[in-house]
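Each value in this text was obtained by applying a stated rule to the coordinates, not by laboratory testing. None of the values given here were measured: they were computed from a predicted structure. All Cβ positions, even for glycine, are placed from backbone atoms using ideal geometry, and neighbour counts span all protein chains on display.
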Amino acid sequence: MEATAVTTPVKIILGSSSIARRKILAEMGYEFTVTSADIDEKCIRKEKPEELVMALAEAKAEAILQRLPAHDHVKDAQPALLITCDQVVVYEGAVREKPSSEEEARAFMKGYSGGHAATVSSVLVTNLKTGFSKVEYDRVEIYFHEIPDEVIDKLIEEGLVLRVAGGLIIEHPLIVPYVKEVVGTTDSVMGLPKALTEKLLREAL
């Protein structure tokens, strides 16, 4: 069952420059403004992927909060909610972030071919008026058929796989035929789990 959008008058700020996250939040029925954190993600390291994505979402929120004129949100009649997120791909126990080169993206995708990977996505919602903030994560397992080399080449040539965690895309028309099974939701793999986001938005109000 899909949750319905929060109806209380509320300002929403999406702390992410991801086009996929914007699309998902709009699909959920929200109007929002966009800002990005621009932090050095490599400075933050954690042993477990779940801890890493939650720590990164917190660091992004902190960076954005430092830039926002806080008093405006406290004075405002309506609450303002900031959503920050992060995602990594886990493959054979190792955490993968955005590929650093075409070669790395190709190696990542060859590994997924006939194999499986998981995405771990975090969502943090901060109420700028009350100071409430809560972070949780969602994990999705993805199983692939063999992916032909020419499909991998086309995806790399197009460049989108270089801009996503683990070079992993499952909604792209070229890759769809090779996705065997998704245990979880596509929106979570795309970086913004709808049900979790909805739950945290409600709790933040």
How big is the convex hull of the Cα atoms of the stretch 85-173, per residue, in Å³? 111
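Which value at 222 nm does the chain reach when only helices count, each DSSP H run of 4 or more adding -39,500 (n - 2.57), with the total divided by all residues and rounded to the nearest 500 deg cm²/dmol?
Helices in the chain give a 222 nm mean residue ellipticity of -10000 deg cm²/dmol.
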Where the Cα atoms of the stretch 10-88 are projected onto their three principal axes, how long is each span, largest first, in whole Å? 41, 30, 18
Quick one: of K134/K194; K23/K134; K60/K110; K23/K194; K154/K194; K60/K98, which pairs are farther than 20 Å apart, Cα to Cα? K23/K134; K60/K110; K154/K194
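In the chain, which whole DSSP H runs stretch at least 27 Å along their own axis (Cα) and average -0.5 or higher on the Kyte-Doolittle scale?
Numbers: long enough: 49-67 (28 Å, 0.18).
Sorted by number, the helices that extend far enough and score high enough are 49-67.
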What is the packing order of peptides 79-89, 40-50, taking the mean over residues of other C-beta atoms within 10 Å and listing the highest first? 79-89, 40-50
Considering the options M190, A61, A204, tell which one lies farthest towards the positive end of the dipole of the chain, charges being +1 on Lys and Arg and -1 on Asp and Glu at the Cβ, about the Cα centre. A204
Can you work out the base-10 log of I(q)/I(0) for the stretch 164-205 at q = 0.13, 0.31 1/Å, using the Debye formula on its C-alpha atoms alone? -0.37, -1.12
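Select from the stretch 117-161 those chymotrypsin sites (Phe, Trp or Tyr not before Pro) which occupy a DSSP coil region and have at most 15 other Cβ atoms within 10 Å, ordered by residue number.
Those satisfying the criteria are F132.
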Would you mind computing the Rg to Rh ratio of the chain from its alpha-carbon coordinates, Kirkwood style for Rh? 0.99
